[in-house]
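Single-structure report; data block below.
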Amino acid sequence: MIARPWVVLLAAGASRRFGSPKQLARIGGQTLLRRMARIALAGRPAGCVVVLGARAERLRRELAGLDVRVVVNSRWRAGLSRSLAAGVAALPPDARAALVLLADQAAIGPADLELLRACWRRAPRRIVAACTEGKFGPPAILPRAVFPALRRLRGDAGARDMLRDPRRGVVGIELPGAALDIDRPSDLAGLWRRG
């Protein structure tokens, strides 16, 4: 049986720089949130947790019909770390790892996530992360051994310090699409230019 991590899709932010809920921005006829949830599910993960916060009830409707577990992070204003902690806390006790994906990483596709999973299967105790221009970041697969540390994180950096800590021996996979996230409406135009 092929080992499969759970996906933790983080979509709790208020989209201040975007000017409206970026999770509802439309790409290819569907919202960004629904698109990223479908990409997460395309690799048949062990399961998928979607963490919502700002406008949670409106965003939950975008996930109708998808096999995801929605978690509402009431502390989303405290930063990305609180959403990551909420997502990890919602995983079942037998979850071997969490593939953490940001809902605004619109240039990431199923093939990118499969590259991460394939690398993780060869080294399941190691953190495996996207690497762009020499920097580690999401999407990333975090093994169960680091879950307690993830639950203690604070602030808006998520697991960035953990990924960049040389003592952790993070395995990097070059994923150019990980460098683009959607923060402003102009970023959507950048996505179309890349495609």
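Whenever you get a sec, line up Thr31, Thr132 from highest to lowest accessible area (probe 1.4 Å, protein heavy atoms). Numbers along the way, then the final one.
On the way: Thr31 5, Thr132 30 Å².
So the residues, ranked largest to smallest area, are Thr132, Thr31.
Normalised by the number of residues in the chain, the mean separation of alpha-carbon contacts (under 8 Å, six or more apart) gives a relative contact order of 25 percent.
Please give the net charge around Ala3, taking every other residue with its beta carbon less than 9 angstrom from that of Ala3, where Lys and Arg add +1 and Asp and Glu add -1. Write down the numbers at each step before the final one.
Details: positive: Arg4, Arg96, Arg117, Arg121; negative: none.
Residues near Ala3 contribute +4 overall.
Of the options Pro138, Ala111, Ala98, report the single residue whose Cα projects farthest towards the positive end of the charge dipole of the chain (beta-carbon charges: Lys, Arg +1; Asp, Glu -1). After comparing all options, I get Ala98. Placing one equal scatterer on every Cα of the range 1-145 and applying the Debye formula, the log10 ratio I(q)/I(0) at q = 0.13, 0.17 Å⁻¹ is -0.53, -0.92.
Just the number, please: percent antiparallel of the DSSP beta bridges in the chain, rounded to the nearest 5.
Working: 11 of 30 bridges.
Approximately 35 percent, going by the DSSP bridge assignments.
Computed from backbone phi, the HN-Hα couplings of the range 122-131 come to 7, 9, x, 9, 9, 7, 10, 9, 4, 10 Hz, rounded to whole numbers (Karplus: 6.51 cos²θ - 1.76 cosθ + 1.60, θ = phi - 60°; Gly and Pro given as x). Once the 1.4 Å probe is applied to the protein heavy atoms, the chain comes out at 48 Å² accessible per residue. Taking only protein heavy atoms and a 1.4 Å probe, the accessible area of the range 51-195 is 50% carbon and sulfur.
Comparing Leu153, Leu84, Leu52 in a Gaussian network model of the chain where C-alpha atoms under 10 Å apart are linked, the largest mean-square fluctuation is found at Leu153. Note that the range 90-99 has calculated 3J(HN,Hα) couplings of 7, 6, x, x, 8, 5, 7, 6, 10, 8 Hz, one per residue in order, obtained from phi through the Karplus relation 6.51 cos²θ - 1.76 cosθ + 1.60 (θ = phi - 60°); glycine and proline are x.
Which of rounded, prolate or oblate describes the range 91-173 when judged by the alpha-carbon gyration tensor and an a/c cut-off of 1.5? Walk me through the intermediate numbers first.
Numbers: a/c = 1.27, a/b = 1.12, b/c = 1.13.
Rounded, since a/c falls under 1.5.
The trypsin sites (Lys or Arg not before Pro) of the range 72-171 meeting both criteria, a DSSP state outside H, G, I, E and B (loop) and at most 14 other C-beta atoms within 10 angstrom of the site's C-beta, are Arg75, Arg125, Arg152, Arg154, Arg164.
The values are calculated or read from the model by the stated rules, or taken from the named source; none is laboratory data. Treat the numbers as computed from the prediction; the structure is a model and nothing was measured. Cβ coordinates were reconstructed from backbone atoms using ideal geometry, including for glycine residues, and neighbour counts include every protein chain displayed. Keep in mind that these areas ignore ligands, DNA and RNA; they rest on the heavy atoms of the full protein, side chains included. Shrake-Rupley method; radii C 1.70, N 1.55, O 1.52, S 1.80 Å.
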